[in-house]
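Below is one structure, written out as structure tokens; the observations come after it.
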Amino acid sequence: MVKTTRVEMVVNGRTVGPSDVPDTLPMVDYLNDYLGLTGTKFGCGIGVCHACVVIVDNPDGSSQTMRTCINSAATFAGKSVRTIEGHANSEGKLSPLQQAFVDNFAFQCGYCTSGFLNEATRFVEALEKSPIPKSSVEDAVENALGKHLCRCTGYFRYYAAVRDLILANPNLTVDG
Ligand code: FES
Ligand code: FES
């Protein structure tokens, strides 16, 4: 008999569940198969490539990214989650980072893109609260996105898209 847990969470601002899911069900499968949110991608499946990350918003206003291949759906019970489907507005207008990715031709096959977008979004939102010196932006972007693997070797354009967006927004940096 498969052991199950009743889970309820908020995904992209909408409460989902409660539903009974197997304890071992990975979050990526819950998003893809139970909720039809197929933008979260299963890459390596062992926690290395970070293609599968989503954003988790904490009650204290902070946020973090979490991998959905190595964390079960039950791990996310009670949490507030953002996926790639939650970035554009209700009219379909892309978020500034999504638009920057498009403008920079940042991705090729796109398999890694939702992970990069979620990580970059969390990073830029953190800069809104805590700006960094302009001179450190290049390194900070590489550091923030450095765990994300792209088999199409699209790193440079991803990094450039995020760097240029940050440098174009005076609220995200300080002189220095
Ligand atoms: S698919 Fe989750 S880290 Fe690679
Ligand atoms: S764009 Fe193909 S894996 Fe990154």
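The values are calculated or read from the model by the stated rules, or taken from the named source; none is laboratory data. This structure is a prediction, so every number in the text was calculated from the model and none was measured. Note: ideal-geometry Cβ built from the backbone for every residue, glycine included; neighbour counts use all protein chains shown. Each accessible area value is taken on the protein alone, full model and side chains, heavy atoms only, with ligands, DNA and RNA left out. Shrake-Rupley method; radii C 1.70, N 1.55, O 1.52, S 1.80 Å.
Overview of results
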{"quantity": "Leading residue by the ranking (nearest to R82 (Cα to Cα)) among those in region 18-33 that are in contact (Cβ under 8 Å) with a residue 24 or more places away in the chain and not aliphatic (A, V, I, L, M)", "calculated": "Y30"}
{"quantity": "Matching entry among T40, T65, T24, T75 (being of a type in the set (S, T, Y), within 16 Å of ligand 2 (Cβ to nearest atom) and at pLDDT 95 or above)", "calculated": "T40"}
{"quantity": "Test result for S90, open to solvent by 70 Å² or more (accessible area, probe 1.4 Å) and either among the hydrophobic types (A, V, I, L, M, F, W, C) or modelled with pLDDT under 95 (or both)", "calculated": "yes"}
{"quantity": "Odd one out for F156 among (1) open to solvent by 40 Å² or more (accessible area, probe 1.4 Å); (2) under 18 Å from the mean Cα position of the chain (by Cα); (3) of a type in the set (F, W, Y)", "calculated": "(2)"}
{"quantity": "Region 106-119 residues that are over 14 Å from V54 (Cβ atoms), paired with ones that are modelled with pLDDT under 95 (beta carbon under 7 Å, 6 or more apart)", "calculated": "A106/G154; F107/G154; Q108/C152; Q108/G154; C109/C152"}
{"quantity": "Where a residue in region 35-64 is outside any loop (DSSP other than H, G, I, E, B) and its partner, wherever it lies, is within 14 Å of ligand 1 (Cβ to nearest atom), with Cβ under 6 Å and at least six apart", "calculated": "V54/T68; V54/T83; V54/N118; I55/T65; I55/N118; V56/M66"}
{"quantity": "Test: T15 is open to solvent by 30 Å² or more (accessible area, probe 1.4 Å) and either within 16 Å of ligand 2 (Cβ to nearest atom) or part of a strand (DSSP E or B) (or both)", "calculated": "yes"}
{"quantity": "Condition met for V56 (under 18 Å from the mean Cα position of the chain (by Cα), over 26 Å from A161 (Cα atoms) and more than 16 Å from ligand 2 (Cβ to nearest atom))", "calculated": "no"}
{"quantity": "Residue check for A100: crowded, with 21+ Cβ neighbours inside 10 Å and away from ligand 1 (no atom under 16 Å from the Cβ)", "calculated": "yes"}
{"quantity": "Selection count where residues are within 26 Å of N32 (Cβ to Cβ), part of a loop (DSSP other than H, G, I, E, B) and either of a type in the set (D, E, K, R) or touching a helix residue (DSSP H, G or I) at 6+ places or on another chain (Cβ under 7 Å) (or both), scope region 105-149", "calculated": "4"}
{"quantity": "Top-ranked residue in region 65-84 [being more than 20 Å from E8 (Cβ to Cβ) and outside any loop (DSSP other than H, G, I, E, B); ranked as farthest from ligand 1 (Cβ to nearest atom)]", "calculated": "I84"}
{"quantity": "Per-region count, region 59-103, residues more than 12 Å from the chain's Cα centre (by Cα), more than 22 Å from A160 (Cα to Cα) and not small (G, A, S)", "calculated": "10"}
